[in-house]
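Heads up, the thing below is written out as C-alpha cells.
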Amino acid sequence: MRWIILAALALLLLAGCGKAEFTSSYADCQGLDDQKSTDGCIMQQSIDSNNPATCAEIVTPLIKDLCTSEIAIQQNDLASCHAIGTEKVKGNCIEKLAKKQNNSNLCPTIADGNWRDICFMDLGIVQLDIRHCVEIVNPHESDTCYFEIAKATNSSALCHKLFSVEKADECFGSIALLTEDQSACLGISNQGKAQVCILKIAVGKGNILLCENIDEEYLRNSCYFNIAIRADEPEVCNGITNTTIQKQCINELERINANSQNTSLAEA
C-alpha cells in the first residue's frame with residue numbers, strides 16, 4: 001500500500017515540476033506556462049532552500065501540503081506536519097518524523113489508516129517491538145512487521161502470527177537456515193518445502209542423521225549424495241536407497257579423487 005500512495009504523490013510532483021528542473025531561482029518559477037508547473041517549481045525552490053515561508057505562495061493545495069511536509073521533515077517540525085490539510089500527506093509527514101525521532105508515540109496521532117499502519121510497522125521493526133505490530137490493521141503491514149522482527153531476533157515463534165500462509169512458510173524457512181535449526185522447518189505448512197528446508201540444513205551442517213528425517217526418498221537420497229561429495233566420505237553413499245544414484249555417488253567420488261591425484265602429480 002505504501003508504494004501506491006508514494007507513487008500517486010510522485011506523479012503529481014512530476015506533473016508540477018517537469019519544467020521546473022531547468023529554473024535557477026524563485027523568480028524564474030513565475031514565468032512558467034501553467035499553475036502546476038509554477039507551483040511545482042516553487043515547491044522545489046522551497047525545499048532546496050529549506051524555506052517553509054515560500055510554500056505559502058503555492059496555489060494548488062496538495063502541492064502546498066507536499067511542500068510543507070518535505071520541509072517539516074527536513075526541519076523535524078511536528079507542528080508543521082499537523083498544520084497540513086491533506087490527511088494522507090499529513091500522515092506521511094508524521095510517520096517520517098516518528099521514524100526519524102524513533103518515537104512510536106506519534107503513530108497513534110496519525111488519522112490516515114494506511115500511514116498509521118506503516119508508522120507502527122516501521123517503528124516495530126526499528127525497535128524490535130512486537131507490541132507495535134499488534135496495533136496494525138492491514139494484514140500485509142502486520143505480516144511484514146512480525147516477519148522482520150522474527151528474522152532479526154531468530155524467533156520462529158513469531159512466524160505463527162503471520163496472516164499469510166506463504167509468508168509464514170517463508171518466515172520459518174528463513175529462520176531455520178539462519179539458525180541451522182531443523183525444528184523451525186517443521187513449522188512450514190508445505191511439506192515439500194519443509195523437506196527441502198531440512199535437506200539444506202543437513203547438507204550445510206554435514207549431518208547425515210538429519211537426512212533420516214526426510215520422508216521423500218528422492219530428497220533423502222539427495223541429502224546423502226551431497227554430504228558424501230562435500231565430506232569426501234564414500235561410506236555415506238551407502239545410505240542411498242536407489243542403487244543407480246548410489247553408484248553415481250561412488251563413481252563421482254572416485255572421479256573427484258582421481259582428478260585430484262592427477263593434479264598433484266602434474267604439479268610435482
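The values are calculated or read from the model by the stated rules, or taken from the named source; none is laboratory data. What you see is a predicted model, and the numbers here were worked out from it, not measured in a lab. We place every Cβ from the backbone using ideal geometry, glycine too, and count neighbours over all the protein chains shown.
Numerical summary
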{"quantity": "Condition broken by V203, with the remaining ones in (1) outside any helix (DSSP H, G or I); (2) modelled with pLDDT of 95 or more; (3) closer than 30 Å to A152 by Cα satisfied", "calculated": "(1)"}
{"quantity": "Count - residues of region 141-160 that are farther than 18 Å from I118 by Cα and in a helix (DSSP H, G or I)", "calculated": "8"}
{"quantity": "A258 being more than 30 Å from C159 (Cα to Cα) and part of a helix (DSSP H, G or I)", "calculated": "yes"}
{"quantity": "Residue in region 107-122 that is loosely packed, with under 14 Cβ neighbours inside 10 Å and of a type in the set (A, V, I, L, M) present", "calculated": "yes"}
{"quantity": "Matching residues in region 84-102 - criterion: being assigned to a loop (DSSP other than H, G, I, E, B) and loosely packed, with under 14 Cβ neighbours inside 10 Å", "calculated": "G85, N102"}
